[in-house]
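Peer 1: Below: one structure in structure tokens.
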């Protein structure tokens with residue numbers, strides 16, 4: 001007896017041979033922009049995503065999906081909006097400024113950058129929905145400030161104080177209708193060997209844009225060498241009685257930024273307070289008359305009485321921003337009350353030397 005067996009075959013499409021790699025930058029630092037950014041831009045390269053179609057598949061609107069990245073960030077550190085009226089040098093104050101998450105891509109032969117808005121979970125990496133016409137699509141991720149580089153202090157460290165720079169997956173659209181049109185049909189792309197679930201859902205181990213922890217980036221970076229930045233901030237006028245005898249009056253803050261440190265090492269500096277040539281001691285004089293009536297005073301730094309030209313160690317220092325108050329004290333009430341009326345000031349030279 002012969003049996004006639006009918007076999008029905010359903011041909012299922014093979015998954016597209018599209019893969020991706022992501023490499024975070026080996027070190028993070030802010031710098032001025034290079035093309036396609038303007039040279040006045042303030043940016044930090046975070047990493048590079050490379051999407052590859054290995055068997056001739058078209059690439060339709062590659063996108064970040066399952067995004068855990070804020071639309072904007074705040075970084076805090078010294079910035080300047082004006083120069084000192086006497087020295088002409090920038091006056092820095094600790095403030096927060098806004099940064100964006102940006103991507104540099106080459107789309108249809110044109111290299112440009114765009115800000116990515118990923119808080120909704122999806123951030124297209126192209127504007128076109130057409131096939132890109134190339135087998136390899138490269139994306140470089142950056143922090144991008146909304147201010148120019150001129151307000152930032154070279155050597156200073158800027159710490160993220162608001163925002164989240166987390167993880168992401170990658171997907172491509174199934175056709176030229178775009179990544180938003182048929183989201184259930186979007187094709188997840190494995191990054192660094194991710195496993196795509198059998199149902200085509202998101203992989204469970206998305207890569208981080210940068211290593212975990214609070215980002216603290218120096219402006220300028222020489223690998224293997226710690227970066228120091230020093231500034232005097234929040235210089236304050238004070239009333240003389242606030243510095244009488246044992247009273248102390250806050251007159252300024254010393255701010256030292258430290259970046260590009262090596263784990264396990266201790267960092268510190270010597271701070272030396274000096275006077276200009278021809279001036280032998282700490283004393284206030286009438287504004288504009290450096291040889292006029294003198295009101296001697298003492299300085300306090302780290303709770304210690306400052307001796308002219310004698311270094312005071314400031315150690316250990318932490319990665320990021322370090323602050324120390326500077327106080328004035330020891331003013332004689334009788335000397336101060338005998339002074340001609342008017343504003344008084346003094347000029348102090350501060351020398352910072354790294355402790356080896």
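None of the figures in this text is laboratory data; all of them are computed from the coordinates on show. In this text, all values refer to a predicted model and were calculated from it rather than measured experimentally. Glycine gets a Cβ as well: all are built from the backbone with ideal geometry, and neighbour counts include every protein chain shown.
Peer 1: Would you mind telling me which residue in 108, 132, 116 has the biggest mean-square fluctuation in a Gaussian network model of the chain, where springs connect alpha carbons within a distance under 10 angstrom?
Peer 2: Checking each option, the largest mean-square fluctuation is seen for 108.
Peer 1: Compute the normalised compactness of the chain: alpha-carbon radius of gyration over 2.2 N^0.38 Å, N being the residue count.
Peer 2: 1.44
Peer 1: Which one of 123, 171, 38 has the biggest mean-square fluctuation once the chain is modelled by GNM with Cα springs under 10 Å?
Peer 2: Of 123, 171, 38, the Gaussian network model singles out 38 as fluctuating most.
Peer 1: Separate question: Which residues does a label at residue 185 reach in the range 122-141, if reach means a backbone N under 16 Å from a point 7 Å past the Cα toward the Cβ?
Peer 2: 129-131
Peer 1: In a GNM of the chain with a 10 Å cut-off on Cα contacts, which of 332, 96, 280 has the highest mean-square fluctuation?
Peer 2: 280
Peer 1: Once you sort the root eigenvalues of the Cα gyration tensor of the range 227-354 as a ≥ b ≥ c, which label holds: rounded (a/c under 1.5), prolate (a/b larger than b/c) or oblate (the other case)?
Peer 2: Working: a/c = 2.53, a/b = 2.21, b/c = 1.15.
Because a/c hits 1.5 or more and a/b exceeds b/c, the range 227-354 counts as prolate.
Peer 1: Please give the length that would be gained between residue 134 and residue 23 if that part of the chain were fully extended, namely 0.36 nm times their separation in residues minus their C-alpha to C-alpha distance (nm, one decimal).
Peer 2: Details: separation 111, 0.36 × 111 = 39.96 nm, distance 2.08 nm.
Full extension from residue 134 to residue 23 adds 37.9 nm.
Peer 1: Give the order of 321, 328 when sorted by the count of other beta carbons within 10 angstrom, beginning with the fewest.
Peer 2: On the way: 321 21, 328 24.
With the sparsest Cβ surroundings first, the list reads 321, 328.
Peer 1: While we're on this one: Using a Förster distance of 30 Å, how high is the FRET efficiency between residue 195 and residue 110, based on the Cβ-Cβ distance and rounded to 0.05? Before the final figure, lay out each step's value.
Peer 2: On the way: r = 35 Å, r/R0 = 1.16.
So, using R0 = 30 Å, E works out to roughly 0.30.
Peer 1: Taking 25 Å as R0, compute the FRET efficiency from the Cβ-Cβ separation of residue 318 and residue 151 and round it to 0.05.
Peer 2: Numbers: r = 24 Å, r/R0 = 0.96.
Calculated value: 0.55.
Peer 1: Continuing with the same structure: Give the dimensionless ratio obtained when the Cα radius of gyration of the range 18-218 is divided by 2.2 N^0.38 Å.
Peer 2: On the way: Rg = 18.6 Å, N = 201, 2.2 N^0.38 = 16.5 Å.
In units of the 2.2 N^0.38 Å rule of thumb, it is 1.13.
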